[in-house]
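First up is the structure itself, then whatever we jot down about it.
The values are calculated or read from the model by the stated rules, or taken from the named source; none is laboratory data. Source: prediction; values computed, not measured. Cβ atoms come from the backbone with ideal geometry, glycine included; neighbour counts cover every protein chain shown.
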Amino acid sequence: MKGSRRDFLKKSGSCALGMTALATQMHYFGTMSAMAQRVMDSQQNSPDAGYKALVLLFWSGGNDGNNMVVPNHSDGTISNYAAYSAARGTQGLAIPQASLLPIAVPRLGGLSYGLHPNLGPLTQNGTTIVNNGIYDLYNQGKLAVVTNVGNLVRPLTKAQYQSSAYQKPYQLFSHSDQVNQAQTSISNTQAFTGWGGRVSDKMTLANNPSGLIPMITSISGSQLFTAGQTTLPLAINDSGTPLANVLNPAGFTNSGGAARLTAFNALRSQDLSSNYIAAASHVTDLAMQANTALASAQDVSTLFPNTSIGRQLKQVARLIKDRTDLNVTRQIFYVQIGGFDTHTVELTTHQTLYTQFSQAMRSFYDELSAQSVQNDVTTFSLSDFGRTFNPAGSGASVGTDHAWGNHMFVMGGSVNGGDFYGSLRPDGSGTYFPTLTLGGPDDTDTSSPRGRWIPTTSVDQYAAQLARWYGLAPGDQAAVFPNLVNFPGSFSQLGFLP
Amino acid sequence: MKTKISQVFLRVLTLALALGICPLLGLAQEDPDPNSPTPVLLSAPDSTRALAVSARESSRIALYQIAPQAFAPDSKIVIYVSNIDVMKDEGASAFRVYAEDSRGREYVFPVDGLKSVANYRNVYAVTLRLTDQAGYWEPPLADGDILLRLTWRGLTSNRVRLGLGSMGGTIQDDPGAVPTPVWTKGSSLPTIPTEQPSYVGYKWSGDRLRFMEQATFGQTPALDSRIRRIGLRAWLSEQFQLPYPSAGNPYPNQPLKPGSAPADCDNDQVTVPDVPVTCYRDTYSMYQPQAWFLREALYGDAQLRHRMAWALAQIWVTSGVDVQQGRHMVEYHKVLSANAFGNYRTLMKQMTLNPTMGDYLSMDLSTKNNPNENYAREVMQLFTVGLFMLKPNGTLDCLEHPFPDMTTCASTDTPIPTYDQTTVNNMTKVLTGWTECNNGCPNSVSGTPNYIDPMVLVNGNHDLTAKTLLNYNGAIPADRDIAACTGCTGTAIAAYASASMDHALDNIFNHPNLPPYISRILIQQLVTSNPTPAYVGRVAAVFANNGFGVRGDLQAVIKAILLDVEARGDVKTDPNYGKLREPVQLTTNVARNFGVASYDGTSLSDGVFVGRGDFNGMSQIPFFAPTVFNFYPPSYEIPGTGLNGPEFALMTTSTSIQRANFINTLIFNRINVSNPNIPNGTSLNFTDLQAISTSDPTGNLLLDELNRRMMHSTMSSTMRSTILTAVTNIAATTSENYLQRAKQAVYLIATSSQYQVQR
């Protein structure tokens, strides 16, 4: 059945064309030679042997990292569990110390920290559900924590933050704006393109010259991260639909169907003088081309949790498995788990969400291992922002409000895991973990402090490190991350990837 | 004389409507010609090279003296346009100039000035800077000719060439381009090749169909007749008076759910079976409101109110993602529909106190000791004034970059934030203490959260400290600075909290951003994604003052949007005019156009589309926006273009196929009855098309009819011949085949980008 549809489409003239042969593509990116321009744009990139992929897992709504990575020690010189508990215990938001999953942090002198209990093995009715979660990947050196990451235009000390002379990201603490900044890695002005899209703009031609699908795939709708100047993403549903059917246009098999399909395809190269018509047609062009390319994709064997994030990562794993047939050597993926805007009932919400993403990430890692590509795929998190260390409300409904700096996870066989990464404050003070004191040196405010941490590592630094591992040429770095130059010493200090 | 009489008549008509007297609406009302002339960019006498001169020289040189020359990037020049008819106050911001370079990239050059040229009738000098304003691409190549296009009121001029850096180069003229020299006595303006509709039907039928796409959920023959008879203006007045929802489709009357649902109505069939089995679905879920909403869109008479409420629902968003019960959503929707033709300030107050909104954005939990910023932030950011200071025409009001210590900056201009975190904190304090009225209100039932009556104050939870709210030029001090309520107790707190809320809402309502911010979003919802600043400015001016000193009069705003010269006209040719039909509009426009009925055609559709993979897969499930940022943000830029197109956030490889698949379902498969969830099903009726199809085996009459009904007679000849080929592929033999031909054509038009983009 699958084969017959594919043959049918081929006969009908919608078989895989080179990407740039699409009429709408030419309209979009220039009539002279979009191809030539892309050669020019990408001349600093040479194809790298082997396969690599980046997977962005976005915690939508602003994940409260303060309850995800918690001090588990009593060292008096650095924020310890007592400092954490003092600020969150009264309102009932502190995770009990006994339930934390302990991890050692070499960078902080081997002190113990704790991961949220739902990131480890969990049992339901006495049985482990799906897998052991991501906790033991930390101990295996496959999972790293990057601390206090956030949107920045330039490094900021507290005094600089409180002065109007130093530029801050626009509309701090606002969801949509901070999401856009995390996804564009541009915080001084509104940007049209995401940093994933810009990486793809620079690297597609050299690495996926005849890829049958775009370099970027979103399993979660249209996202600014995935949009480049010349890159449009593939956007498909999660693994609830097999790849072979995920873009399946229906109804071309009844009376007049073949003629209808021919016309359906032909209409998309007409009336392109309207930019809106051209844009709509181009998306459908990509869809029809990908539909053909995906017709013979295979399933994966690892058991994934049947949650949204589980199904999304399973779909990613299928695409990675199909990489040779799709003619791609570099891929970027976007997956998302929502519900982190925990103004209320944070504790139970976190239990659910942390279980979901931890289990899904672990299944994904295990599947990559089964495919022997675990060293070629790096999965990393981003979020709108962190949340106030000071709780909002108390008791069963206790939650947190919008804040800023936040902790991130990076997972993969190439990751220098089992440690924390980050930066000291711009003036050289502090440690690699924020000082958990309301009104303290990392808090934005001194009066009425809520515990909004000023990030010590910018999204630009974090993203640039990921992009460099992925193969972005050093010469293209400034174009993809225009504000990186504001961070002296650049990105090489972070070191969570080779 | 004639004009005078009709004006008097109009006033009487308006007065009669205002007084609620039913006037003789059968009388025809003359609408003005909706069409604007097509602008013509002037060229040299013997080529398509623009008549252009540096701005510095323009006042010293007569048109006939202008010689061909190249211009430096970033220089300020003057070009000349003719065949336009500018209104009073219609200046530079009504015009856009687009340039294409030899790489095929499009740039936007800012237009700085417009003035008429002395001694030449109907010739205007347009001052522009050769600096790309869009910033999407690096600057245009300065290595030869570029092509300039000017757009005005959704119409494009011819394209003329302009030397950038130097003259010459590889760029080709548009096919059929001819010189367009300045008019001199005895000569006539050349004919400019532009898209023109091929009329079939009545005068301005294209404009009327476009109007219905903008003001309703799609045309029907009956609606078309009505508007043809009474005119756009009278139809609007009629719509303002119609009862809502329509008779026969009242709001679902679901009870509020007690703390826990009764065992026989709790969606748990195991412990105690529900009676009937659909009890939970009908009583508490979103099933009823969703089907009700779509039925009202498909069949309702009060189309404009329903459309406006839907537009407002995409600004003041709540969502079934968090909102638990159908009744909650209905009570929220009643606020939208009741105020759709009212005043925006009233809407703001009622929505602020609406328990569904209170629950959705956590204001119902916000207290002085545990303030929650959620609603306070979004009411400013999304529902009223937006993030950045705007000019009255909706464009950003930028400052020269104030951060001298930066080593680099992507832009020299920086937007000015409308407010900061301190404002959010203060606004939050003003709105503390309000929660559902679970005791003592008309609909209070012990143990059942009351989502019907407005929220009430819990005195002890209200913040009594001083607050400072939005500051702006013209802010009323009493609204901006709210003093502390020192030593207040009891009723004094209640009075203080109520007064503070009104002060705060007035403080927001009077902010200069409100008219352009909301006007632009409403234009995007109803007419076009990328309105000119002039259009936004005209509507915003009416929002700020309806002519009688009233701010926020939504009837006046709707009229200003729908009757504007940029909205009206039989055809729009500007490449950046129009909007992608959102899934709801795509669905209802196709359905209404072809006699939507139940599966068997004998009764009405039940409106049950939600839950189908192909409908849900289009990513716009009514009352189920993913977040408070709606299904799509108003500011969404289409990747690869930098062009504003909000609905394109819903246009992905996945949804584009689902759009085609849902159209396929409606046309070829129908939606079958499936008890209990789909009681009637849905089908379209192609009987009249089948007759037309049968009457003409060549298929041409069928294409004519569909071109008029779906494309307002703007179908291109290539599109027509492509579809005709697919139509005539089906043999002209049986009556079933003639029906298949009709379906073939409707499918191909409805799934085409040419139709999916409403222009």
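For the range B:152-171, the set of residues classified as in a loop (DSSP other than H, G, I, E, B) and buried (at least 16 other Cβ atoms within 10 Å of the Cβ) consists of B:Arg153, B:Gly154, B:Gly165, B:Gly169, B:Ile171, listed by residue number. Across the range B:358-378, what is the number of residues that are among the β-branched types (Val, Ile, Thr) and either crowded, with 24+ Cβ neighbours inside 10 Å or free of Cβ contacts under 8 Å to residues at least 60 places away in the same chain (or both)? Adding up the residues that qualify gives 0.
Screening A:Ala165 on (1) farther than 27 Å from A:Ser60 by Cβ; (2) within 9 Å of another protein chain (Cβ to nearest Cβ); (3) touching a helix residue (DSSP H, G or I) at 6+ places or on another chain (Cβ under 8 Å) shows it passes everything except condition (3). The one condition from (1) assigned to a loop (DSSP other than H, G, I, E, B); (2) free of Cβ contacts under 8 Å to residues at least 60 places away in the same chain that B:Ala556 does not meet is (1).
Contact map, the range B:646-665: first residue at the interface with chain A (Cβ under 7 Å from one of its Cβ atoms), second residue charged (D, E, K, R) and part of a helix (DSSP H, G or I), Cβ cut-off under 6 Å, separation 6 or more or different chains; pairs are B:Asn661/B:Asp614. Would you please name the residue that is nearest to B:Leu42 (Cα to Cα), looking only at residues in the range B:52-68 that are surrounded by fewer than 16 Cβ atoms within 10 Å (Cβ to Cβ) and among the hydroxyl-bearing types (Ser, Thr, Tyr)? Looking at the filtered set, the residue picked out is B:Tyr64. Apart from one condition, B:Ser753 fits all of (1) free of Cβ contacts under 8 Å to residues at least 24 places away in the same chain; (2) more than 23 Å from A:Ser273 (Cα to Cα); (3) crowded, with 22+ Cβ neighbours inside 10 Å; the exception is (2).
Any residue that is more than 7 Å from chain A (Cβ to nearest Cβ) and not in a loop (DSSP other than H, G, I, E, B) - is there at least one of those in the range B:628-644?
yes
With respect to B:Ile518, determine if the residue is surrounded by 23 or more Cβ atoms within 10 Å (Cβ to Cβ), modelled with pLDDT of 95 or more and of a type in the set (Val, Ile, Thr). Against the criterion (surrounded by 23 or more Cβ atoms within 10 Å (Cβ to Cβ), modelled with pLDDT of 95 or more and of a type in the set (Val, Ile, Thr)), B:Ile518 qualifies.
Out of curiosity, is A:Leu115 surrounded by 17 or more Cβ atoms within 10 Å (Cβ to Cβ) and modelled with pLDDT under 95?
For A:Leu115, the condition - surrounded by 17 or more Cβ atoms within 10 Å (Cβ to Cβ) and modelled with pLDDT under 95 - is not met.
With respect to the conditions (1) farther than 29 Å from B:Val539 by Cβ; (2) among the polar types (S, T, N, Q); (3) crowded, with 20+ Cβ neighbours inside 10 Å, B:Ser75 lacks only one, and its number is (3). Residue check: A:Gln465 meets all listed conditions (1) farther than 19 Å from A:Pro434 by Cβ; (2) surrounded by 15 or more Cβ atoms within 10 Å (Cβ to Cβ); (3) of a type outside the set (A, V, I, L, M, F, W, C); (4) within 14 Å of chain B (Cβ to nearest Cβ) but one, namely (4). Inspect all residues belonging to the range B:574-586 and state whether any of them is in a loop (DSSP other than H, G, I, E, B), among the acidic types (Asp, Glu) and at negative phi. Yes, that holds for at least one residue. For the range A:393-414, filtered to residues that are facing another protein chain (nearest Cβ under 9 Å) and at pLDDT 90 or above, the residue that is nearest to A:Ser358 (Cα to Cα) is A:Gly399.
Screening B:Tyr98, B:Tyr136, B:Tyr64 for residues that are touching a residue at least 40 places away in the same chain (Cβ under 8 Å) and more than 14 Å from every other protein chain (Cβ to nearest Cβ) leaves exactly one candidate, B:Tyr64.
Residue-by-condition table, conditions (1) under 14 Å from the mean Cα position of the chain (by Cα); (2) more than 7 Å from every other protein chain (Cβ to nearest Cβ); (3) part of a loop (DSSP other than H, G, I, E, B):
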{"site": "A:Gln160", "(1), (2), (3)": "no, yes, no"}
{"site": "A:Pro169", "(1), (2), (3)": "no, yes, yes"}
{"site": "A:Thr193", "(1), (2), (3)": "no, yes, yes"}
{"site": "A:Ala206", "(1), (2), (3)": "no, yes, no"}
{"site": "A:Pro209", "(1), (2), (3)": "no, yes, yes"}
{"site": "A:Ser220", "(1), (2), (3)": "yes, yes, yes"}
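Only one of the listed residues (A:Gln298, A:Gln270, A:Gln289) is facing chain B (nearest Cβ under 7 Å) and among the polar types (S, T, N, Q). That residue is A:Gln270.
Check the range A:213-223 and report whether any residue there is out of contact with any strand residue (DSSP E or B) (no Cβ under 7 Å at 6 or more places or on another chain) and without any contact (Cβ under 8 Å) to a residue 60 or more places away in the chain. Within the range A:213-223, not a single residue is out of contact with any strand residue (DSSP E or B) (no Cβ under 7 Å at 6 or more places or on another chain) and without any contact (Cβ under 8 Å) to a residue 60 or more places away in the chain. Since B:Leu724 meets every condition but one in (1) within 14 Å of chain A (Cβ to nearest Cβ); (2) surrounded by fewer than 22 Cβ atoms within 10 Å (Cβ to Cβ); (3) over 16 Å from A:Phe264 (Cβ atoms), which condition does it not meet? That leaves (3) as the condition not met.
For the range A:334-348, the count of residues that are farther than 25 Å from A:Val105 by Cα, outside any loop (DSSP other than H, G, I, E, B), without any contact (Cβ under 8 Å) to a residue 40 or more places away in the chain and of a type outside the set (A, V, I, L, M) is nonzero. Exactly one residue among B:Asp606, B:Asp600, B:Asp614 is more than 27 Å from A:Asn275 (Cβ to Cβ), within 13 Å of chain A (Cβ to nearest Cβ) and more than 19 Å from the chain's Cα centre (by Cα), and that residue is B:Asp614.
Here A:Ser255 qualifies as surrounded by fewer than 19 Cβ atoms within 10 Å (Cβ to Cβ) and facing chain B (nearest Cβ under 7 Å). Within the range A:96-136, restricting attention to residues that are out of contact with any helix residue (DSSP H, G or I) (no Cβ under 6 Å at 6 or more places or on another chain) and β-branched (Val, Ile, Thr), the residue that is nearest to A:Thr147 (Cα to Cα) is A:Val105. Give the range B:172-228 a look and list any residue that's in a helix (DSSP H, G or I), of a type in the set (S, T, N, Q) and at pLDDT 95 or above, or say none. Scanning the range B:172-228 gives a single hit, B:Gln214. Among the conditions (1) within 14 Å of chain B (Cβ to nearest Cβ); (2) farther than 30 Å from A:Thr435 by Cβ; (3) not polar (S, T, N, Q), A:Tyr365 misses just one, which is (1).
Among the conditions (1) within 13 Å of chain A (Cβ to nearest Cβ); (2) surrounded by fewer than 16 Cβ atoms within 10 Å (Cβ to Cβ); (3) under 27 Å from B:Tyr535 (Cα atoms), B:Arg149 misses just one, which is (2).
So is A:Asp136 of a type in the set (Asp, Glu) and over 29 Å from A:Pro498 (Cβ atoms) or not? No; evaluated as a whole, the condition is false for this residue.
When the residues of the range A:282-296 are filtered to those that are crowded, with 18+ Cβ neighbours inside 10 Å and part of a loop (DSSP other than H, G, I, E, B), the one that is modelled with the lowest pLDDT is A:Ala295. Scanning the range B:692-711 for any residue that is small (Gly, Ala, Ser), crowded, with 18+ Cβ neighbours inside 10 Å and modelled with pLDDT of 95 or more turns up at least one such residue.
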